[in-house]
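Every number in this text was worked out from the coordinates using simple rules, so none of it is lab data. Remember, predicted model here, so these are calculated numbers, not experimental data. In this analysis, Cβ positions are derived from the backbone assuming ideal geometry, glycine residues included, and neighbour counts consider all displayed protein chains.
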Amino acid sequence: MQEYGCQSMSLPLKRVLMRAPNASLLQADPKQWHYGPSFDANRAFAQFQTFHSLVAASGSEIIFMEDHNDGLADAMFTHDPSLVSDHGAILLNMGKPLRKAEPALHEQAYIQAGIPILGRIEAPGKIEGGDCIWLDAHTLVVGRGFRSNQTGIEQLQAMLTCHGVTVLGFDLPVWNGAEACLHLMSVISPLAPDLALIYAPLVPTALYQLLQTKGITLIEAPSEEFAASSGLSLNVLPTSPKECIMITGFPATKAAMEAAGCRVQTFDGDALCIACEGGPTCLTRPILRS
């Protein structure tokens, strides 16, 4: 049985790495971690459990990393410290200094799960998983900004080109500044191989044109909800093509997705996602999609 391989953003989610918030989040200093005014650790715990139940109900096997009070509050956002290809896991190098220790947690989890390590991003290279989007099995696009840099992109190219993967970098805007979290996945959320939710004003022009060239239908995220959520209205997790999970509270965005044929489930995420700057995709590191 195949145990890993994830060169897709929307094929059926078969295996995923997650970490439930626990003591590290309870003891986190919201100012230090750049958490917003709606942050409430106890409510975040409850909201995560609801989200976890939705992922489990999709049929995906969930591999949990335990929080042993290591102080890594953001480690619940398992999407960012690693990337999984069809040839093994790639350990990334975090652009947010407080998250530098997280790739080592992923390495340990992969070793325990029997998943080979294909490579790792070394300083001064930086890559975060939220900046990486598989447009198809042979094309990986990476956002170049405050969290991921050209050196990191070149290291990814060296690892993946020999496996038939083209890695392309695209510049991200400054938007709300270096302290805020703007990933490429903050402005593009694939929902199916030929469908994506986007916030067009922040999508790099060349990437927008590439999406069109590849025949991907683009749903425009309502600007009012995008602004109100600091982009989290667009953070949508497909558990299979057009089967999606998003945060409650953004009815216009949900309606736009449903009009394109998506079935959308929601959960409350103000204390967990909006406050901590990470949505449903960020809370998962897909290991196997097929």
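Each of ILE127, ILE111 was scored by other Cβ atoms within 10 Å of its Cβ. Listed from fewest to most, they are ILE111, ILE127. Both radii were evaluated on the Cα set of segment 157-290; the Rg over Rh quotient, with Rh as the Kirkwood radius, amounts to 0.96.
Classify segment 13-289: rounded, prolate or oblate, from the alpha-carbon gyration tensor (a ≥ b ≥ c, eigenvalue square roots; a/c under 1.5 rounded; otherwise prolate if a/b is larger than b/c)? Because its axes are fairly even, with a/c under 1.5, segment 13-289 counts as rounded.
Mean residue ellipticity at 222 nm, helices only, the chain: -7000 deg cm²/dmol; runs of at least 4 DSSP H residues each add -39,500 (n - 2.57), and the sum is divided by the number of residues. Along its three principal directions, the equivalent ellipsoid of segment 65-153 from the Cα gyration tensor extends over semi-axes of 20, 17, 11 Å, largest first.
Cβ-to-Cβ counts within 10 Å put THR248, THR213, THR78 in ascending order as THR213, THR248, THR78, the fewest first. Close amide H contacts of SER290 (hydrogens built in the peptide plane, cut-off under 5 Å, sequence separation of 5 or more or a different chain): LYS14. For segment 146-233, the alpha carbon convex hull comes to 104 Å³ per residue, rounded to a whole number.
So for the chain, averaging the separation of alpha carbon pairs under 8 Å that are six or more residues apart and normalising by length, what relative contact order in percent results? Could you put the intermediate results ahead of the total?
Details: 636 pairs, mean separation 77.3, N = 290.
Relative CO of the chain lands at 27 percent.
Model label sites at ALA123 and GLU3, defined 7 Å from Cα along the beta-carbon direction, differ in position by 3.2 nm. Measuring r between the beta carbons of LEU210 and THR50 and using R0 = 22 Å, the FRET efficiency lands at 0.05. In summary, the aspartates and glutamates within cross-link reach of LYS214, defined as a Cα separation below 15 angstrom excluding same-chain residues under 8 places away, comprise ASP136, ASP194.
Net charge near THR50: determine it from the other residues with C-beta under 13 Å of the C-beta of THR50, scoring Lys and Arg +1 and Asp and Glu -1. Working shown, then result.
On the way: positive: ARG43; negative: ASP268, ASP270.
Around THR50, the charge tally is -1.
Please give the length that would be gained between LEU98 and SER38 if that part of the chain were fully extended, namely 0.36 nm times their separation in residues minus their C-alpha to C-alpha distance (nm, one decimal). Spell out each step's value before the answer.
Working: separation 60, 0.36 × 60 = 21.60 nm, distance 2.09 nm.
Stretched out fully, the LEU98 to SER38 stretch lengthens by 19.5 nm.
Taking a ≥ b ≥ c as the square roots of the eigenvalues of the alpha carbon gyration tensor, segment 1-91 is prolate, as a/c is not under 1.5 and a/b beats b/c. Checking the Cα-Cα distances for LYS31/LYS96; LYS14/LYS96; LYS31/LYS126; LYS96/LYS126 against a 19 Å cut-off, the pairs over it are LYS14/LYS96; LYS31/LYS126. Here the chain carries DSSP beta bridges of which approximately 45% are antiparallel, counting only pairs with both residues inside.
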